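The structure appears right after this line, and notes come after that.
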Amino acid sequence: MKKHLGELWFLIHFALEIICYQFYYFYFGNAIIAGMLALIYDILAFAPQLFIAFFAEKFPKMSCGIVGAVMVLAGGACGFVPNETVKIIGFLVLSLGNAFVHVGGAEATVYRCENKIAPSAIFIAGGALGVVTGRLLGQYSIPFIVGWLIMLVFSALIFVSDKFKGERMTPSIKMADTKKPVPLIIFIAFFVVSVRGLLSYGIPMGWNKGVMHTILLFSMMALGKALGGILSDKLGAKKTALISTGLSLPFILLGGENMWISLFGIALFSMTTATTLGILISATPKHPVVAYGISVTGLLIGSLPATIPSVKGFISNEIVLSVFTVICFAMLWFIMSPDKKTVKKEVKDNAT
């Protein structure tokens, strides 16, 4: 079971986003306050994760996953009360509980990953499928009890995960260049996460006109996030990061009206999620959960400006997308260490 914690938390994360997004779209999707609540949700679900991560590392006996699941289920239960104010309060509690469950998933995967980033990447990937599932359940007015029960059932997996906590192991991921100052690595990785998060709102998708298109979009995002970790472990993190970043650009630019070209580019674009997290963990191996919190904070910082129409229009420009992609490519190349095979080859060449 220890080897499958990534898959376990994939399911938990999947259920978590289902209940959160179904709650929002079922009760507030067409309401006047919908826009404001969506922004509040993003802030409550993402911003606290860095602070919760500090507490999670300081108090290892605390189960962030269970605390969060209780909050999510309690907040979700408010949806069954026929009172608008109660529903709003419940949504706020549910949103904050989301942050705790995320940190619980990060804690479970980073402390047991040893030198692998794939478990964390697979855990993160579950969210994309949960988001689109929850949205569709809410938009098509499927009774909210469905999402609530899904979360209740999959919350039991958190107890299974906690049974395998054991002694914390310092991750031995080696993605960051140790010759570079740690603060510089953290700053650059944070910048790349923020920029990539912002650019995701500018990807041209004229082909996305129906439900099936949306399902395929989020499925490819999930696949990309998971593959970013799996291929980093198998082929090398630097190779994976640079190839996926470089190749994503032409497919994204050429796929504005072509679904399959665009989806392939989006999958490549999503692969850097795992490598940037791995870089941050590599730079701060004694604080891997905090590293995850930094990554999430960067994502939030990058996504907030996209709520401004003029900013969204700016990043949709092909030149802007290209320039920022090249900058991110150069930054990743600068702060990442050579892949292991490359290092071995260099040693052999020097010996010769």
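The values are calculated or read from the model by the stated rules, or taken from the named source; none is laboratory data. Predicted model, so just to flag it, every value in this text is computed and none were measured. All Cβ positions, even for glycine, are placed from backbone atoms using ideal geometry, and neighbour counts span all protein chains on display. Ligands, DNA and RNA are excluded from the accessible area calculation, which covers all protein heavy atoms including side chains. Shrake-Rupley method; radii C 1.70, N 1.55, O 1.52, S 1.80 Å.
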Query raised in the report: Between their Cα atoms, which of K3/K163; K165/K286; K179/K225; K61/K163 are more than 22 Å away from each other?
Result: K179/K225
Report task. Have a look at A267, A45, A34 and tell me which one the Gaussian network model of the chain (Cα, springs below 10 Å) gives the largest fluctuation. Result -> A34
Query raised in the report: How far is helix 237-254 tilted off the main Cα axis of the chain, in degrees rounded to 10, range 0 to 90?
Result: 60
Query - Angle between the chain longest axis and helix 64-77 axis [Cα atoms, degrees, rounded to 10] - result: 30
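Scan the chain and report its longest stretch carrying no chymotrypsin sites (Phe, Trp or Tyr not before Pro) that are both in a DSSP loop and have at most 16 other Cβ atoms within 10 Å.
Working: sites that count: Y140, F164.
My reading of the result: 165-352 is the longest stretch.
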Query - Between helix 118-139 and the chain: long-axis angle, C-alpha atoms, 0 to 90°, nearest 10 - result: 30
Query raised in the report: Within straight cross-link reach of K312, meaning Cα distance under 20 Å, which aspartates and glutamates are found once same-chain residues fewer than 8 apart are removed?
Result: D42, E257
Query raised in the report: What 222 nm value per residue comes from the helices of the chain, counting each DSSP H run with n ≥ 4 as -39,500 (n - 2.57) and dividing by all residues, nearest 500 deg cm²/dmol?
Result: -25000 deg cm²/dmol
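By the scheme Lys and Arg +1, Asp and Glu -1, what is the net charge of all other residues having a beta-carbon under 14 Å from that of G202?
Details: positive: R196, K312; negative: E318.
Result for the neighbourhood of G202: +1.
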Report summary line: For M336, other-chain or 5+-apart residues with amide H closer than 5 Å (H placed, Pro excluded) are D177
**Report entry** Rounded, prolate or oblate (a/c below 1.5 giving rounded, otherwise prolate when a/b exceeds b/c) for the chain by Cα gyration tensor
**Finding:** oblate
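Under a 1.4 angstrom probe, counting protein chains only, how are M259, M205 ranked by accessible area, largest first? Let's see the in-between values first.
Values: M259 35, M205 60 Å².
From most exposed to least exposed: M205, M259.
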